[in-house]
Amino acid sequence: MKESSQIKKDVNAVLTTTLLYVVFAGLWILFSDMALGWFVSDIRLYGLLQTYKGWLFVLVTALLFLFYVIPHINEINNFYEEALKAKEEYRSIFETAANLITSIDSDGIIVDCNNQVQNFLGYKKKEIIGYPMAKIIHPDYLGKASQSLQEILETGYSYGKEYKMVRKDGTLIDVIINSSGMNKTNGNYERTICIINDITQRKTNEKRIEYLTSVLKSIRNVNQLIVTENDKLKLVQGICDILAESHSFYSACICLMDHNQKPILFEESSGVSKYSLLSSKMEKGETPDYIRTVLEKDELLIVDDLFEQYTDHTPAKEYTKSVHLLSKLEYKDNVYGVIAATISREFAQDGEIIGLFEEVKGDISFALYKLELEDIRQEIEKHLVESKVAAEEANRAKSEFLANMSHELRTPLNSIIGFSNILKDKKHGDLNENQTRYISNVLKSGKHLLKLINDILDLSKIEAGKMGYEPENMNLTETVDEVVTLMQPMANKKDIELTSNIESEDIEIFADKVKFKQIMYNILSNAIKFTPQKGKVTITSQLVGDNIEISISDNGIGIPDEKFQSIFDPFKQVDSSSTRKYGGTGLGLAIVNRYVKMHGGSIRVESEPGMGTTFTLAIPVPK
């Protein structure tokens, strides 16, 4: 399409030519006869020219229009058609644009707008054209609009200005307006074109992101408090304050309850109280319907008004700007109470935000569970300390008792045993058969009772850490042979074959000789006691790594499986019935086990009922 300046030239040329033609035609009509008379003297030629002068005028006129005027007129027609087409295209773009476009005159009146006015604001064109722009701009933004107009007068444009517009139904939308002036005359623009973009959804998303960020910050701060705070009251108050201080929630409260769902603690965020009625009711022992509903159901409850009775059919109040979220504080089937938080209504149905509230509720429930465990731990610890003090007192009393028993029992027992030996040896006269039997029983019982007392005292010393330990280098073979020699008479009484087969005669161990002999004596005496007549008891040894393993085996009655875990416990016996066949104190193996550990060794048992038993000692060998 030609430039408008060229079109003006074409129009001016046509107008000039037309004017000149009119002047020429007038002059021709007025002066053509006079001119012919001046310049043509021949009568015949003059007559001929007079005859054809009209045709000559027509010919000149035709040539002028054909080669000059008509081309310019065609140019003007083409320009008009192109301008009309451009106008139609502009109107099509104007009407189909995604943005709302308005044209405003210098008085601020809307003189034109596109079809988006109904989508954006709910108005029809005829309801908006002819009215001031103030009809659709929120009153709070009229001052800002005036500033934009001033900016347009100074610079010709105003870009990126955010406003709130009022829809026909009264609702507000957020928009951003880019404006520019058109046709400036006398310091003012005839028209101002405004391109309006609806950014309501963007602003909503920005607000939601800001709110989510605030909630996440609250969760982080709550978790930090949970980690550091062990005082329940300070924890609950701190959580309520944290939830409210970042403006993620307008306010928050937590009501802790006992196992009977009776309130024991009620705390809310600092500042304006939104839960005063709830607090008052709970303190009076009154449980509102919505609290009972929360405790009965495993789901979040949204309540509009805490001052009303709640039912499942309570209608929502759409005009309220906030609602209350209520949920049960529960962890592993332990109900600790209820949490309530006030939130903006627009976020009350946002699944992600509700999910974050449920998450922080879960963290709080776990924290209360942790504190409960801590209370239990402290209570147990208190009882343990009390038990320890009681045990120490009992141990002191036991020590006093054992010391008294050592003096009060062993002294007369030694006298009884000593005088019984004198009587039995008949150093002061003969005894008849019955007297000899009686005194033998007294001597046997006295020695048995003395051994029991000595074993009890030894075990008590071991448990109290007062048993002496005096290790020395000693030859294993010689020590075992000494014990075998001591035990041989006992074996002979039952016709039991007692043999010793130590791997090497040169093996030396670092041990307390008296206690090592006691270990061997106790095990061998048990082996002989539980082995039948003409049985067999064998002592063997072998080096295994840094230890010497000494095994004492018999082919006696064996040990039942259910007795394996308790044979080394004090006063535990293989046969503990009232009609037991085998005697004993039940302390021998308990002492053996403690003496073996005292030497840094270990002991194990292998047995099969009816087939016999093998006790194996593992004692370290000096390198």
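Listed by first and then second residue, the pairs linking a residue in the stretch 480-495 that is touching a residue at least 60 places away in the same chain (Cβ under 8 Å) to a residue that is among the polar types (S, T, N, Q), with Cβ atoms under 9 Å apart and 6 or more places separating them unless they lie on different chains, are 480/500; 480/541. For the stretch 205-213, the criterion of a residue being of a type in the set (Asp, Glu) and farther than 30 Å from residue 112 by Cβ is satisfied by at least one position. Would you please name the residue that is nearest to residue 168 (Cα to Cα), looking only at residues in the stretch 90-130 that are open to solvent by 100 Å² or more (accessible area, probe 1.4 Å) and not polar (S, T, N, Q)? So, considering only residues that are open to solvent by 100 Å² or more (accessible area, probe 1.4 Å) and not polar (S, T, N, Q), the one nearest to residue 168 (Cα to Cα) is 124. Residues that are at pLDDT below 70 and under 13 Å from residue 529 (Cα atoms) were ranked within the stretch 546-578; the one that is surrounded by the most Cβ atoms within 10 Å (Cβ to Cβ) is 574. In the stretch 243-268, the residue that is surrounded by the fewest Cβ atoms within 10 Å (Cβ to Cβ) out of those that are within 16 Å of residue 323 (Cα to Cα) and hydroxyl-bearing (Ser, Thr, Tyr) is 250. The set of residues in the stretch 368-392 that are over 28 Å from residue 330 (Cβ atoms) and of a type in the set (Asp, Glu) comprises 386, 392.
Table: residues versus (1) modelled with pLDDT under 85; (2) over 20 Å from residue 606 (Cβ atoms); (3) open to solvent by less than 30 Å² (accessible area, probe 1.4 Å); (4) part of a helix (DSSP H, G or I).
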site	(1), (2), (3), (4)
522	no, no, yes, yes
525	no, no, yes, yes
534	no, yes, no, no
541	no, no, yes, no
580	yes, yes, no, no
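Reported count of residues in the stretch 132-159, each being touching a strand residue (DSSP E or B) at 6+ places or on another chain (Cβ under 6 Å), open to solvent by 70 Å² or more (accessible area, probe 1.4 Å) and in contact (Cβ under 8 Å) with a residue 40 or more places away in the chain, is 0. Kindly establish whether residue 205 is in a helix (DSSP H, G or I) and either exposed (fewer than 13 other Cβ atoms within 10 Å of the Cβ) or at pLDDT 90 or above (or both). The answer is yes for residue 205. Scanning the stretch 585-623 for residues that are in a helix (DSSP H, G or I) and closer than 19 Å to residue 540 by Cβ yields 592, 596.
Within the stretch 121-131, not a single residue is touching a helix residue (DSSP H, G or I) at 6+ places or on another chain (Cβ under 7 Å) and among the small types (Gly, Ala, Ser). Of the listed requirements (1) in a strand (DSSP E or B); (2) farther than 30 Å from residue 349 by Cα; (3) open to solvent by 40 Å² or more (accessible area, probe 1.4 Å), residue 162 misses just one: (2).
The values are calculated or read from the model by the stated rules, or taken from the named source; none is laboratory data. Please read these numbers as outputs of a predicted model, since none were measured by experiment. FYI the Cβ positions are ideal-geometry reconstructions off the backbone, even for glycines, and counts take in every protein chain you see. Quick note on the areas: whole protein, heavy atoms, side chains included, nothing else; ligands and nucleic acids left out. Shrake-Rupley method; radii C 1.70, N 1.55, O 1.52, S 1.80 Å.
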